[in-house]
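These notes are about the structure you will find just below.
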Amino acid sequence: MNLLIIGAPGAGKGTMSELILNRYELVHVSTGDMLRAAVKNGTPVGLKAQGYMNRGELVPDEVIHDIIVERLSQDDVDAGFLFDGYPRTENQAVDLDEILKELDKKIDMVINLNIAEEELIKRITGRRLCPACGEIYNIYFNPPKEEGKCDKCGADLIQRKDDNLESLEVRLSEYHKNTQPVIEYYEKKDIVRHIDAAQAIEKVFEDISKELEGLCR
Ligand code: AP5
Ligand code: MG
């Protein structure tokens, strides 16, 4: 099973990916996480991506192409994968189709997380992350038991550099301009499932689970 999860910044792609991966054995391919790791490690890709990411702009398609080809060349993806935050331009979607054709693979379902923009501000400004295990928290909706500490591993929580109102505005405009056409691209293939992402975390996951059970049947 090969899946793709798409939605505006803060819609819950990472949160839902974690829950899906707890249930299904899939490889999580998050271009955002891969790029943040590259920035942290100071790799050539990281150096190219850093400025775009901090401003909230999309990283150029060529950079993304290279990291995807490299990731999909690893054998573990044969078990199935979950793309999170990729593709997010129509160019990337067309490119992905070509890459997958070569590998004799396809996308089975696109999960589109729908949510109104005003709901995203608290999700983005309230998000806290564990730099050690990747757990995602929110000081308003999903706080850790002890302030500033990860429940799972005890590490000090951090905030992403692009989780501020200025970058969010740019990220939303990139989303409308470049990523909404990607949803239309997959609509034409009739593989998009629309999920109401404004509900509580458990309810959003329940709705996704129903769609996935339908796919596995
Ligand atoms: P990326 O990391 O993909 O960021 P994004 O798309 O802006 O999405 P986020 O990760 O911010 O949100 P999310 O939907 O994962 O939400 P989460 O689950 O964390 O990309 C970052 C940057 O990298 C881009 O701006 C770009 O520069 C670059 N990039 C990445 N991929 C690229 C590509 N393919 N092409 C070009 N550039 C690329 O949840 C958010 C918060 O809400 C959390 O605090 C969470 O606890 C909370 N929450 C989640 N669900 C709920 C709920 N149901 N109710 C209440 N709270 C909730
Ligand atoms: Mg994310």
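The values are calculated or read from the model by the stated rules, or taken from the named source; none is laboratory data. Please read all numbers here as calculations on a predicted model, not as lab measurements. Cβ placement follows ideal geometry from the backbone for every residue including glycine, while neighbour counts extend to all protein chains displayed. We work out accessible area using only protein heavy atoms, side chains counted, and drop any ligands, DNA or RNA first. Shrake-Rupley method; radii C 1.70, N 1.55, O 1.52, S 1.80 Å.
Scanning the range 172-217 for residues that are of a type in the set (A, V, I, L, M), modelled with pLDDT of 95 or more and over 17 Å from ASP84 (Cβ atoms) yields LEU172, ALA198, ALA200. Put simply, of GLU147, GLU135, GLU119 the only residue that is in contact (Cβ under 8 Å) with a residue 12 or more places away in the chain, over 20 Å from ARG36 (Cβ atoms) and either assigned by TED's automatic domain parsing to the domain that holds MET16 or of a type in the set (Asp, Glu) (or both) is GLU119. Taken together, ILE115, ILE111, ILE107, ILE124 contain a single residue that is open to solvent by less than 70 Å² (accessible area, probe 1.4 Å), touching a Pro at 6+ places or on another chain (Cβ under 7 Å) and modelled with pLDDT of 95 or more, which is ILE124. In the range 85-96, the residues that are under 18 Å from GLY56 (Cβ atoms) and near ligand 1 (Cβ under 10 Å from one of its atoms) reach residues that are β-branched (Val, Ile, Thr) and not in a helix (DSSP H, G or I) with C-beta atoms within less than 7 angstrom, at least six apart or across chains, in these pairs: TYR86/VAL29. One residue stands out among those in the range 6-27 that are within 7 Å of ligand 1 (Cβ to nearest atom) and not hydrophobic (A, V, I, L, M, F, W, C): the one that is surrounded by the fewest Cβ atoms within 10 Å (Cβ to Cβ), which is GLY14. All of GLU166, GLU174 fail the test of being of a type in the set (Asp, Glu), within 16 Å of ligand 2 (Cβ to nearest atom) and assigned to a helix (DSSP H, G or I), apart from GLU174.
Could you say whether any residue in the range 108-128 is in a loop (DSSP other than H, G, I, E, B), touching a helix residue (DSSP H, G or I) at 6+ places or on another chain (Cβ under 8 Å) and not small (Gly, Ala, Ser)? Within the range 108-128 (the criterion being in a loop (DSSP other than H, G, I, E, B), touching a helix residue (DSSP H, G or I) at 6+ places or on another chain (Cβ under 8 Å) and not small (Gly, Ala, Ser)), the answer is yes, since at least one residue qualifies.
Number of residues in the range 202-216 that are farther than 13 Å from LEU3 by Cα, open to solvent by 60 Å² or more (accessible area, probe 1.4 Å) and touching a residue at least 12 places away in the same chain (Cβ under 8 Å) equals 0.
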